[in-house]
Amino acid sequence: GYYGFGDPLMLLSALVPQRLVSGFYQVYILLELWLSGLSFGMFGREKGYGDRWILPCALIYVFSGFALWAGLCHPEFLTSMIYFPLMLVGIERVLAGRRPVFLAVSTAVYALTGYYWLFMGTLFTCLYALVRFFEEKRGLKALSGFFLRAAGGYALGLMCAAPLFLPNVMGFLQSN
C-alpha cells in the first residue's frame, strides 16, 4: 500500500492480461506523463494564463529532469506530478470564494495514491496556499475563513478516501 494501492491509474493494470503487461507498462508511463501535462495545463488555466503560455510550460513540466529520470524508471513517482497541480487548482478555487468541492475530490484521489505522496503534496500545497493568500494582501481576519474552507475540503477528501487510505496508514504506523 505504500505506492498507490488504490491509485485509479494503477488499478487499470488489473484489467490487463499477463502477456500484455510489458506493453501496458509503457503505455501507463505515457498516460501518466500526458495526464501530468493536462493537470498542469488546468492549473495554468485556473491562474488565467493563455494557451500561448500553458503549452510550453506544460511541456517543460512533463519533460523535466525529474519526470524523465525518476518517472521513467519508477512511474509511481509521476503520480504526484498529476495530482499536485489539481490540489493547487482546488486552493485557487477556495481563494476565489468558491466551494471546496474540487479540493476535496483532488485530495481524495491523491490520498488513494499513497500516504507518502499525499503527505508531501500537502506540505507544498499548504505552503502555496499561505503564499497565495498573503500575495493577495488579504487581512488576517479573512485567513480564518479561508483556512476553514480549505481545511474542510481537505478533511472531506480524506474522509472519502478513508476506506483505503486509513488501513495503509495504520499498517505503516504499526509496523517496525
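Which residues, taken from the stretch 54-80, are open to solvent by 90 Å² or more (accessible area, probe 1.4 Å) and either among the aliphatic types (A, V, I, L, M) or modelled with pLDDT of 95 or more (or both)?
LEU55, ILE60
Do we find that GLY145 is farther than 17 Å from GLU46 by Cα, in contact (Cβ under 8 Å) with a residue 24 or more places away in the chain and surrounded by fewer than 15 Cβ atoms within 10 Å (Cβ to Cβ) in this structure? Even if it seems obvious, please write down each step before you answer.
Numbers: farther than 17 Å from GLU46 by Cα: yes; in contact (Cβ under 8 Å) with a residue 24 or more places away in the chain: no; surrounded by fewer than 15 Cβ atoms within 10 Å (Cβ to Cβ): yes.
For GLY145, the condition - farther than 17 Å from GLU46 by Cα, in contact (Cβ under 8 Å) with a residue 24 or more places away in the chain and surrounded by fewer than 15 Cβ atoms within 10 Å (Cβ to Cβ) - is not met.
So, in the stretch 112-145, how many residues would count as being part of a loop (DSSP other than H, G, I, E, B) and small (Gly, Ala, Ser)?
2
Of VAL94, VAL105, VAL109, which residue is part of a helix (DSSP H, G or I), open to solvent by 10 Å² or more (accessible area, probe 1.4 Å), of a type outside the set (S, T, N, Q) and touching a Pro at 6+ places or on another chain (Cβ under 7 Å)? Let's see the steps before the verdict.
Working: VAL94 fails: open to solvent by 10 Å² or more (accessible area, probe 1.4 Å); VAL105 fails: touching a Pro at 6+ places or on another chain (Cβ under 7 Å).
Selected residue: VAL109, the only one of VAL94, VAL105, VAL109 that is part of a helix (DSSP H, G or I), open to solvent by 10 Å² or more (accessible area, probe 1.4 Å), of a type outside the set (S, T, N, Q) and touching a Pro at 6+ places or on another chain (Cβ under 7 Å).
Kindly establish whether LEU86 is buried (at least 18 other Cβ atoms within 10 Å of the Cβ) and under 12 Å from the mean Cα position of the chain (by Cα).
Numbers: buried (at least 18 other Cβ atoms within 10 Å of the Cβ): yes; under 12 Å from the mean Cα position of the chain (by Cα): yes.
Spelling it out, LEU86 is indeed buried (at least 18 other Cβ atoms within 10 Å of the Cβ) and under 12 Å from the mean Cα position of the chain (by Cα).
Among the residues of the stretch 17-33, count how many are aromatic (Phe, Trp, Tyr) and without any contact (Cβ under 8 Å) to a residue 24 or more places away in the chain.
Residues flagged as aromatic (Phe, Trp, Tyr) and without any contact (Cβ under 8 Å) to a residue 24 or more places away in the chain within the stretch 17-33 amount to 1.
Only one of TYR128, TYR115 is out of contact with any Gly (no Cβ under 7 Å at 6 or more places or on another chain), under 30 Å from LEU12 (Cα atoms) and surrounded by 15 or more Cβ atoms within 10 Å (Cβ to Cβ). Can you tell me which? Full working, then the answer.
On the way: TYR128 fails: under 30 Å from LEU12 (Cα atoms).
The unique qualifying residue is TYR115.
Of all residues being among the polar types (S, T, N, Q) and in a helix (DSSP H, G or I) in the stretch 148-176, which is most open to solvent (accessible area, probe 1.4 Å)? Just the residue, please. Write out each step before concluding.
If we filter the stretch 148-176 for residues that are among the polar types (S, T, N, Q), which is where we start, we get 168, 174-176.
Next, only the ones that are in a helix (DSSP H, G or I) stay: 168, 174.
Working: ASN168: 38, GLN174: 141 Å².
Here the answer is GLN174.
What is the number of the single condition among (1) open to solvent by less than 60 Å² (accessible area, probe 1.4 Å); (2) in contact (Cβ under 8 Å) with a residue 12 or more places away in the chain; (3) closer than 30 Å to PHE147 by Cα that GLY50 does not meet?
GLY50 satisfies every listed condition except (2).
When you scan the stretch 37-47, do you find a residue that is open to solvent by less than 90 Å² (accessible area, probe 1.4 Å), out of contact with any Leu (no Cβ under 7 Å at 6 or more places or on another chain), without any contact (Cβ under 8 Å) to a residue 60 or more places away in the chain and not in a helix (DSSP H, G or I), even just one?
No, every residue in the stretch 37-47 fails to be open to solvent by less than 90 Å² (accessible area, probe 1.4 Å), out of contact with any Leu (no Cβ under 7 Å at 6 or more places or on another chain), without any contact (Cβ under 8 Å) to a residue 60 or more places away in the chain and not in a helix (DSSP H, G or I).
The values are calculated or read from the model by the stated rules, or taken from the named source; none is laboratory data. Nothing here was measured: the structure is a model prediction, and the numbers come from that model. Quick reminder, even Gly has a Cβ in these numbers, built from the backbone with ideal geometry, and neighbours come from all protein chains shown. Just the protein is used for accessible areas: all its heavy atoms, side chains included, with ligands, DNA and RNA removed. Shrake-Rupley method; radii C 1.70, N 1.55, O 1.52, S 1.80 Å.
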